[in-house]
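The values are calculated or read from the model by the stated rules, or taken from the named source; none is laboratory data. The model shown is predicted, which means the values in this text are computed figures rather than measured ones. Neighbour counts are summed over all protein chains in view; Cβ atoms, including those assigned to glycine, are modelled from backbone coordinates with ideal geometry.
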Amino acid sequence: MSKNQLYKLYEEIDDIHTDDQTSTPGRTTKKRENKRHEADVRLFVRAQEAATEFKFTYKAARFEEAWLLDSLYEIAGQQLISDVLRKVKAGKEASIYMCRSGANIDAGLIAAKVYRPRSLRNLKNDAIYRTGRTDLDADGTALFKEADVKAIMQRSKYGEELRHTSWIAYEFKTLEKLYEAGADVPKPYAMLRNSIMMEYIGDAGTAAPTLSTVRLARDEARPLFDRVIRNLDLLLSNERIHGDLSAYNILYWDGDITLIDFPQVVHPEMNPSAWVIFQRDVARVCQYFKAQGVKCDARKLATELWTAHGHKIVKEVDPSQLDADKPEDKRLWKKQQSAH
Ligand SMILES: Nc1ncnc2c1ncn2[C@@H]1O[C@H](COP(=O)(O)OP(=O)(O)O)[C@@H](O)[C@H]1O
Ligand SMILES: [Mg+2]
């Protein structure tokens, strides 16, 4: 690669990182910047190699293309996908691509959720979701090595990497568990590196819209609401709370619903804020369905579901209102945790 090409690349990379969630303004030293550039150049070199074996239809910008090649070429090598057709949605933490399945998956189209490299989940309130769960490695196995736990606690670069992997592994493991249990979630196919392959909801022309954009017919709203409740109940039976449920994370297709986006799931007994998080999920679902003409009392419904599964109702501060960077909130959070 010529020097000029390299500089051009640096500019592109800088553009991408200006909205980087994890970089702390004012703390970016020259050394750190150089390191980042080196890592990005390594990514481009790997991508160039991958490009000789894997080519796809979707026309991506240069950085995105490198990132996709690096993320997906092993998956393509395992014949899980044969092509990336288009981008369905670009999110803050991940983008979803519509892919053609490879010889080893009999699906036609599949969805690839590819997490952005540096953009870890917005980690501000991440402690609230992490409490009571074991960090998982790239295979979805529990991490128990002391050095790994230390790295995560110290937020070292390696630790952040593990932390990132852990979110992805949680999403995949949850999909597997819930799909098996008969919940309305996309069928999970594979997880590799920073990507999850799953059932694609929609058709070749359009991906399923999120429920938030759909106006339901009156006679359709009630049965769909019941369906969501059934899923909430099923999740609790499997000791899971979605943690970010709303009409934005429910897809609507052919009159059916599919729950998506599970990296922040929490355990109803292991997480001290579980009841508050669960109530919020129920409240957001009710908010949407109320607007569609369904009568529902969120508080009553949440209480019924929660107690039916033998969980206790505990008074808590809403964790979404806590700011991990504020000392008084940190104290409150610690107090809340030790109370259990
Ligand atoms: N399996 C899927 N099939 C079709 N579209 C999907 C699928 N999964 C996600 N999407 C689309 O991608 C968007 C982002 O996915 P999501 O898992 O919610 O990630 P994010 O963390 O960015 O919100 C969704 O709102 C939906 O439009
Ligand atoms: Mg989402």
For residues that are touching a strand residue (DSSP E or B) at 6+ places or on another chain (Cβ under 8 Å) and assigned to a helix (DSSP H, G or I), scanning just segment 272-284, find the one that is nearest to ligand 1 (Cβ to nearest atom).
ASP281
Here are some conditions: (1) under 22 Å from the mean Cα position of the chain (by Cα); (2) within 24 Å of ASP203 (Cα to Cα). ASP70 meets all but one. Which one does it not meet?
(2)
For segment 92-109, enumerate the residues that are surrounded by fewer than 19 Cβ atoms within 10 Å (Cβ to Cβ), at pLDDT below 95 and either near ligand 1 (Cβ under 9 Å from one of its atoms) or assigned to a strand (DSSP E or B) (or both).
LYS92, GLU93
What number of residues in segment 11-64 are modelled with pLDDT of 85 or more and of a type in the set (Asp, Glu)?
3
Examine segment 210-227 for a residue that is surrounded by 17 or more Cβ atoms within 10 Å (Cβ to Cβ) and closer than 21 Å to TYR115 by Cβ, and state whether such a residue exists.
yes
Any residue at all in segment 301-313 that's modelled with pLDDT of 95 or more, under 18 Å from THR174 (Cβ atoms) and not small (Gly, Ala, Ser)?
yes
Just for segment 179-199: of the residues that are within 16 Å of ligand 2 (Cβ to nearest atom) and part of a loop (DSSP other than H, G, I, E, B), which one is surrounded by the most Cβ atoms within 10 Å (Cβ to Cβ)?
VAL185
Of the candidates ALA208, ALA204, ALA221, the one satisfying the condition of being modelled with pLDDT of 95 or more and over 27 Å from LEU72 (Cβ atoms) is ALA221
Determine if segment 205-215 includes at least one residue that is more than 16 Å from ligand 1 (Cβ to nearest atom) and either of a type outside the set (Gly, Ala, Ser) or under 18 Å from the mean Cα position of the chain (by Cα) (or both).
yes
Return the residues of segment 225-271 that are among the aromatic types (Phe, Trp, Tyr), assigned to a strand (DSSP E or B) and either more than 10 Å from ligand 1 (Cβ to nearest atom) or touching a residue at least 60 places away in the same chain (Cβ under 8 Å) (or both); say none if nothing qualifies.
TYR252
Per the filter on segment 200-217, residues of a type in the set (Val, Ile, Thr) and more than 15 Å from ligand 2 (Cβ to nearest atom) are THR206, VAL214
